[in-house]
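Please read the structure below before turning to the comments.
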C-alpha cells in the first residue's frame with residue numbers, strides 16, 4: 001500500500017488540488033511540504049495532533065517536512081473558524097511560544113541536516129515593505145474572491161478587521177517564499193485552511209508560472225461535529241505541566257464509543273490490518289479499544305514510561321483497588337477544622353467540583369465515594385488519621401483524586 005493510499009484508508013485526506021501529482025510526489029518521497037503553526041500559546045494542543053502525526057507519516061515515507069512557526073502571522077491572527085478577533089501577543093511572547101513548540105515537535109519529527117526543517121515566518125514577513133508588498137503581491141488577489149472565502153465567513157458577521165483580512169495574503173506569501181527558497185512544493189493544513197492554501201498555490205502560479213500543491217487534513221471532530229481536543233471547555237495540552245500525562249490519557253480513554261475507532265484510525269500508527277479487525281469490536285471490547293487509543297497517544301506525546309504509569313493508574317481506579325498511581329492533592333493543615341475536613345470542602349479543594357453547591361448536590365445524589373465507600377451525608381468529615389497514606393475520593397465514574405498529607 002502506498003503512503004497516499006494509507007492516508008485515504010485512515011480517513012485523513014479532506015481536499016486536494018491535484019490528486020495525481022500529489023500521489024506522485026508523496027509516494028516517491030519527492031515532496032518538500034510545510035505545515036504552519038501559529039504561536040498563540042506556549043504549548044501545542046491535542047488539536048495539533050493530526051498535523052504532527054501526518055508530518056511523521058510523510059517523513060517516514062521519505063518526504064521532507066518543514067514545520068513553519070508563525071512568528072509573523074501570529075502578529076496578525078488567523079480569522080478562520082472564529083467569531084472574535086484573536087488576542088494580540090507581544091514579540092517576546094511569540095518567541096517564547098515558538099521555543100516551546102519546537103521541543104514538543106521533536107517528539108514527532110526528526111530535525112537536522114537533510115531531515116525536517118523548522119523555520120519561522122517572522123524572518124521574512126517582518127522585513128517586508130508594505131508598499132512593495134502591495135505592488136508585488138496585492139495585485140494578484142481579488143478582493144471579491146477573498147470575501148467569499150470560508151475562512152472569513154464567521155468574522156464577517158461581527159466585523160472583519162483589515163488586520164485579519166491580510167492573513168490570507170501573509171499565508172500565501174509564506175508558500176511563495178518557501179517555494180522559492182527551500183524548494184517547498186506542497187502545503188498541508190486543516191480543512192478550515194483551504195482558502196488560504198489555494199491563495200498560496202495561485203500566487204506561485206501567477207508570479208512564477210509554476211505549479212505547487214495543497215492538501216487539507218480532515219478535522220478531528222466527535223460524533224456531534226464538535227472539534228475534539230478540549231475537555232470541560234479547556235484545551236488538552238501536550239505540555240505535561242498544563243495537562244498531566246494521566247489527564248491526557250484519561251481524555252482519550254473517555255472518548256465516546258462512536259468516536260474511538262475513528263481516532264485510532266486517524267491518530268495512531270497501529271497497522272491498518274489490526275485496526276480493521278478492531279472495527280468489529282462491540283460492547284465491552286470498545287473499552288479495550290479506548291485503552292489502546294489512550295495508551296498509544298500518551299506514549300507518542302509523553303513516552304512509554306508515562307503511558308504505562310497513566311494506564312496503571314486508570315486501571316486501578318476503574319477496578320476495585322485504591323489507585324496507587326492516582327493523581328494526588330496535597331491537603332494543607334489549614335483545611336482541617338477541629339481536626340477534620342468535611343467532604344464538601346474536600347471535593348472543592350481537590351478540584352472534583354467547581355463549587356460547594358455542586359459538591360453538596362453530588363453527595364446528595366449518591367455520586368461520591370471515599371475509600372471505596374459511598375458517602376451520602378453532606379456533613380461527613382475526615383481526620384488526618386483517616387487520610388493516612390492517602391484517601392481516594394471518587395466523583396462519578398470518571399473523576400478521582402487521592403488526598404495525601
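Shape class for segment 230-318: prolate, because the ratio a/c of the largest to smallest gyration tensor axis (alpha-carbon atoms, square roots of eigenvalues) is 1.5 or more and a/b beats b/c.
Remark: 186, 156, 118 ranked as 156, 118, 186, counting other beta-carbon atoms within 10 Å and listing the fewest first.
When both bridge partners sit in the chain, DSSP labels roughly 50% of those beta bridges antiparallel.
Comparing 310, 46, 335 in a Gaussian network model of the chain (Cα springs below 10 Å), the most mobile by mean-square fluctuation is 335.
I need the shape label for segment 3-217. Rule: rounded when a/c is under 1.5, else prolate if a/b > b/c, else oblate, with a, b, c from the alpha carbon gyration tensor. Please list the in-between numbers first.
Details: a/c = 1.45, a/b = 1.23, b/c = 1.18.
Here segment 3-217 falls in the rounded category.
Taken as Cα centroids, segment 1-58 and segment 357-397 sit 47 Å apart, rounded to the nearest whole angstrom.
Residues considered: 254, 129, 120. Largest GNM mean-square fluctuation over the chain, using C-alpha springs under 10 Å, is found at 129.
Sorting 37-43, 277-283 by average packing, meaning the other beta carbons within 10 Å per residue, from highest down gives 37-43, 277-283. Entry note, the chain: the mean residue ellipticity at 222 nm calculated from DSSP H runs of n ≥ 4, each adding -39500 (n - 2.57), is -13000 deg cm²/dmol after division by the residues and rounding to the nearest 500.
Readers should treat all values here as calculations from the given coordinates under stated rules, not as data from a laboratory. Just so you know, these numbers come straight off a predicted model, no measurement behind them. Ideal geometry is used to build each Cβ from the backbone, glycine not excepted, and the neighbour counts take in all protein chains shown.
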